[in-house]
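Colleague: Before we start, here is the structure in question, set down as structure tokens.
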Amino acid sequence: MHAHSTTVAELMTPEPMTLAPSQPMSRAADEMRLSGIRHLPIVDRDGQLVGVLSDRDVLTADPECRIADVMTKDLVTIAPDAAAHEAAYLLLRHSIGCVPVVDGGGRLVGILTEFDLVRVAYTLLGGQVPIDQLEDEEREAENL
């Protein structure tokens, strides 16, 4: 994998978990906690991206309010065929932790997070242990 030619599609999580804007924040909190994710795309019935929730949004929101009342609506997105370095630039430029990946029609096809880019940096900086093994070791340590 050459960093200069890597596309967003190669690094993103395809078909990420999503919720609808009409659902309660308590549902988002439960789903994010159970799945161990920090960013949750919000889509309408047609799969159109309409917002994003972060773990910070969940921590500060009233659990009884609707996702639509809390989600970030002013979104920064990227296409799956864009260069991965463009996604990294967007994360840095906008001080955000994820960038939803959308097709030409605005439908969500994936999500690229800062963790995805740190995984690439780990390898490029000489990391030798496969990242999946590191994640397994971390889970084992938490269960001790």
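Colleague: Taking into account only those residues within the range 72-91 that are in contact with a helix residue (DSSP H, G or I) (Cβ under 9 Å, 6 or more places away or on another chain) and without any contact (Cβ under 8 Å) to a residue 60 or more places away in the chain, which is farthest from VAL58 (Cα to Cα)?
Modeller: Going through the qualifying residues, I end up with ALA88.
Colleague: For the range 47-65, what are the residues that are part of a loop (DSSP other than H, G, I, E, B) and not charged (D, E, K, R)?
Modeller: Result: GLY47, ALA61, PRO63, CYS65.
Colleague: Can you tell me which residue is modelled with the lowest pLDDT among those in the range 88-120 that are assigned to a helix (DSSP H, G or I) and among the aliphatic types (A, V, I, L, M)?
Modeller: In this case the residue turns out to be VAL120.
Colleague: Sticking with this structure for a sec: Taking SER95 and the conditions (1) surrounded by 15 or more Cβ atoms within 10 Å (Cβ to Cβ); (2) polar (S, T, N, Q); (3) on the phi > 0 side of the Ramachandran plot, which numbered condition does it fall short on, given that it satisfies the others?
Modeller: Against the list (1) surrounded by 15 or more Cβ atoms within 10 Å (Cβ to Cβ); (2) polar (S, T, N, Q); (3) on the phi > 0 side of the Ramachandran plot, SER95 comes up short only on (1).
Colleague: Just checking, which of VAL52, VAL43 is over 15 Å from VAL8 (Cβ atoms) and either in contact (Cβ under 8 Å) with a residue 60 or more places away in the chain or among the charged types (D, E, K, R) (or both)?
Modeller: Values: VAL52 fails: either in contact (Cβ under 8 Å) with a residue 60 or more places away in the chain or among the charged types (D, E, K, R) (or both).
Result of the check over VAL52, VAL43: VAL43.
Colleague: Which of the residues belonging to the range 66-87 are part of a loop (DSSP other than H, G, I, E, B) and either surrounded by 15 or more Cβ atoms within 10 Å (Cβ to Cβ) or in contact with a strand residue (DSSP E or B) (Cβ under 7 Å, 6 or more places away or on another chain) (or both)?
Modeller: Once the filter is applied, which keeps residues that are part of a loop (DSSP other than H, G, I, E, B) and either surrounded by 15 or more Cβ atoms within 10 Å (Cβ to Cβ) or in contact with a strand residue (DSSP E or B) (Cβ under 7 Å, 6 or more places away or on another chain) (or both), the range 66-87 yields VAL70, MET71, LYS73, LEU75, VAL76, THR77, ALA79, PRO80, ASP81, ALA82.
The values are calculated or read from the model by the stated rules, or taken from the named source; none is laboratory data. Every value quoted in this text rests on a predicted model; they were computed, and no experiment measured them. Note that we place each Cβ from the backbone using ideal geometry, even for glycine, and neighbour counts take in every protein chain shown.
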